Amino acid sequence: MLRTSRLRLAAAALLIALTAILGYLYNRTQAADIDAQNRVMLNLRELEKLDAEWTVNILRSHIGLDTDYVSLAAPLPRMRELLAQLSSALPMARGPRAERAYGEVARALHEKTALVEQFKAQNAELRKSLIYFPPAVTELKSDVTGIGGATVAAPRVLALDAALNGLLTDVLRFNLAPDDALARRIETDIALTMQHKNAFSPAVRESAEAIVAHARVILRNRLLENQLEARIAALGTTEALDRLGRLFDKAFDQGQIEKQRFRTFLFIYSGILLLLLIYAARRLRRSYTIIGVVNRSLQAANETLEQRVAQRTAELEAQSAQLQQLALHDSLTGLINYGQLTRLLDHALVRATRRGTIVVVMFIDLDGFKAVNDTWGHATGDLVLKAVAERVQARLRKEDVLARLGGDEFVILLEEVSGREGAEKVAQLALAAIRGIKEAGGHPVEIAASIGISATCGDWGVEGAADALLAEADQAMYLAKQAGKSRWSLSPKAQWDSCPDPRSIARSGDGRAPAG
Ligand SMILES: Nc1nc2c(ncn2[C@@H]2O[C@H](COP(=O)(O)OP(=O)(O)OP(=O)(O)O)[C@@H](O)[C@H]2O)c(=O)[nH]1
């Protein structure tokens, strides 16, 4: 019992483990969300594209093609959105390297945003000076060589014009390709301009100072702007994005490889499970076959047992009937015996008491029977006894009773007898039947009977009435014997008339109701 429950427990644990492994493998082979992976890669590409456009827009501002800087700020919200989406997709890249790469991208873009803000302020001031500077110099040169220089000595006019020429050329060159030598020459140009402008009118001086101020702005801001652009370029947003993209790509590829590997595991595992199932099914089938065989054997055994029980029951019933027959009947003649007779007589007396009818008992004792035995043997005597039983029985009514008490003694019990004549007629018939036996077993026999007759109209509740009635008949039979045998004799105590009212009956000494 304990072993069975342990086995069941182990089987259940094994089943759970097998199912868990199957679930795990199945889970690992589940197709990765390709859409999500594609979205990540598209986001990265878009981010790269926006970053490149951003850089191009910086260059456009650099060369003066974009002066309101709208395009510099436009991609920022979308870039932030893309960054946030990439951040939430980081677990798909699996690993700290991707997180680091993402951190670099975020930081680079954040710094780029700040640098671009500086660039915008820087570029706006520079742009203003670049727009102002060339026409202002040209205008001043015209003024100096024209009306403004009319009152000034020619060499001074030429010197200022030359200084302005040098300043214009050098500043424009510096704006295109700044370098230190040019910067130094510009400083010289500024110094000469500031020196030569003093010979001119205040208006010319003022213009020259303004031009110099803008030249300085260009000189300073161009350098600063170039530095900012260099710093922006050094941020390496493109490379960082590229790195992040490669890490995502690698992770996705690894996922595919892993999935493929687990698919192979799942395939092999499913095969093993299938084999196990086939094995279990075969075992189960075998068990069912054995159970079927055992069942059929049990059924057959059960049927045999049932048949044997039925047979035995029938035998027992037969034996019981036989025993009952033996208990109630005389084995030789098949007539009822003394015990059964007294029971029937008791009932007859009760009925007679209730109905007011007469019960008659005739005690028959054969005459000359001993001689048959002595002459022809006991077996012949038996045949005579049987013949008596058959013949007398044949003369009686169906409801009359013939019993053998033992030896050569028989008793006839009659109910509802009309009167003494009726009883005597039955005695005569019985006597004639017995006298009619002339041979037995091939031997001549001569036989008769002495019959004692008694009658009563019931027992009236008196105990021993049946025995008393039989005793009366027995005594009457002796009277017949004494009177010469082969006759019947009536008991003097026999009651033949209608019975008295039970309430008027007084108990008599011999247990019988008094004669009416
Ligand atoms: N064959 C046979 N004989 C029996 C049986 N039972 C008793 N007897 C014999 O029956 C005889 C009865 O004796 P009795 O009644 O004296 O014989 P009887 O010749 O009729 O004499 P009376 O009654 O005086 O006329 C005895 O010899 C018993 O042995 C039996 O079952 N079979």
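The values are calculated or read from the model by the stated rules, or taken from the named source; none is laboratory data. Keep in mind the model is a prediction, meaning the values are calculated, not measured. Cβ: placed from backbone, ideal geometry, glycine included. Neighbour counts: every protein chain shown.
Brief remarks on what is shown
For (1) at pLDDT below 90; (2) part of a helix (DSSP H, G or I), each residue gets a yes or a no:
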{"residue": "Arg296", "(1), (2)": "no, yes"}
{"residue": "Val309", "(1), (2)": "no, yes"}
{"residue": "Glu315", "(1), (2)": "no, yes"}
{"residue": "Ala321", "(1), (2)": "yes, yes"}
{"residue": "Ser331", "(1), (2)": "no, no"}
{"residue": "Gly334", "(1), (2)": "no, no"}
{"residue": "Arg343", "(1), (2)": "no, yes"}
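- Condition met for Ala203 (part of a helix (DSSP H, G or I), exposed (fewer than 13 other Cβ atoms within 10 Å of the Cβ) and in contact with a Gly (Cβ under 8 Å, 6 or more places away or on another chain)): yes
- Some residue of the range 173-194 being touching a Ser or Thr at 6+ places or on another chain (Cβ under 8 Å) and on the phi < 0 side of the Ramachandran plot: no
- Number of positions in the range 463-495 that are within 15 Å of the ligand (Cβ to nearest atom) and among the small types (Gly, Ala, Ser): 6
- Within the range 50-73, residues that are within 14 Å of Ala124 (Cα to Cα) have Cβ atoms under 8 Å from residues that are small (Gly, Ala, Ser) and crowded, with 17+ Cβ neighbours inside 10 Å in these pairs: Thr67/Ser61; Tyr69/Ser61; Leu72/Ser61, counting only partners at least 6 apart in sequence or on another chain.
- Scanning the range 378-404 for residues that are closer than 13 Å to Ala449 by Cβ and of a type in the set (A, V, I, L, M, F, W, C) returns Val384, Leu385, Ala387, Val388, Ala389, Val392, Leu402.
- Unmet criterion (only one of (1) within 16 Å of the ligand (Cβ to nearest atom); (2) free of Cβ contacts under 8 Å to residues at least 24 places away in the same chain) for Glu421: (1)
- Residues that are farther than 19 Å from Glu111 by Cβ, of a type in the set (D, E, K, R) and either surrounded by 13 or more Cβ atoms within 10 Å (Cβ to Cβ) or touching a Pro at 6+ places or on another chain (Cβ under 8 Å) (or both) within the range 46-80 comprise Glu46, Arg60, Asp66, listed in sequence order.
- The listed residues are Arg39, Arg28, and the only one of them that is under 28 Å from the mean Cα position of the chain (by Cα), in contact (Cβ under 8 Å) with a residue 24 or more places away in the chain and surrounded by 13 or more Cβ atoms within 10 Å (Cβ to Cβ) turns out to be Arg28.
- Restricting the range 382-392 to residues that are of a type in the set (D, E, K, R) and touching a strand residue (DSSP E or B) at 6+ places or on another chain (Cβ under 9 Å), the residue that is farthest from the ligand (Cβ to nearest atom) is Lys386.
- Residue that is farthest from the ligand (Cβ to nearest atom) [pool: residues in the range 393-410 that are assigned to a strand (DSSP E or B) and hydrophobic (A, V, I, L, M, F, W, C)]: Val401
- When the range 128-163 is filtered for residues that are closer than 27 Å to Thr67 by Cα and not acidic (Asp, Glu), the ones remaining, listed by number, are Lys128, Ser129, Leu130, Ile131, Tyr132, Phe133, Pro134, Pro135, Ala136, Val137, Thr138, Leu140.
- Among residues of the range 434-451, those that are assigned to a strand (DSSP E or B), in contact with a Lys or Arg (Cβ under 7 Å, 6 or more places away or on another chain) and surrounded by fewer than 19 Cβ atoms within 10 Å (Cβ to Cβ), counted: 2
- The single condition among (1) exposed (fewer than 12 other Cβ atoms within 10 Å of the Cβ); (2) of a type in the set (Gly, Ala, Ser); (3) modelled with pLDDT of 85 or more that Ala11 does not satisfy is (3).
- When we screen Ala379, Ala371, Ala318, Ala327 for residues that are within 11 Å of the ligand (Cβ to nearest atom) and more than 23 Å from Asp474 (Cα to Cα), the only hit is Ala379.
- Of the residues in the range 264-276, not one is modelled with pLDDT of 90 or more, among the β-branched types (Val, Ile, Thr) and under 37 Å from the mean Cα position of the chain (by Cα).
- For Ala427, the criteria (1) surrounded by fewer than 21 Cβ atoms within 10 Å (Cβ to Cβ); (2) at pLDDT 95 or above; (3) more than 14 Å from the ligand (Cβ to nearest atom) hold in every case but one, which is (1).
- Qualifying residue in the range 369-385 (condition: in contact with a helix residue (DSSP H, G or I) (Cβ under 7 Å, 6 or more places away or on another chain), touching a residue at least 40 places away in the same chain (Cβ under 8 Å), surrounded by 10 or more Cβ atoms within 10 Å (Cβ to Cβ) and among the charged types (D, E, K, R)): no
- Selection status of Asp365, outside any helix (DSSP H, G or I) and within 11 Å of the ligand (Cβ to nearest atom): yes
- All positions within the range 144-155 that are closer than 9 Å to Phe200 by Cα and in a helix (DSSP H, G or I): Val144, Gly148, Gly149
- Residue in the range 351-362 that is farthest from the ligand (Cβ to nearest atom), counting only those that are buried (at least 17 other Cβ atoms within 10 Å of the Cβ) and part of a helix (DSSP H, G or I): Thr353
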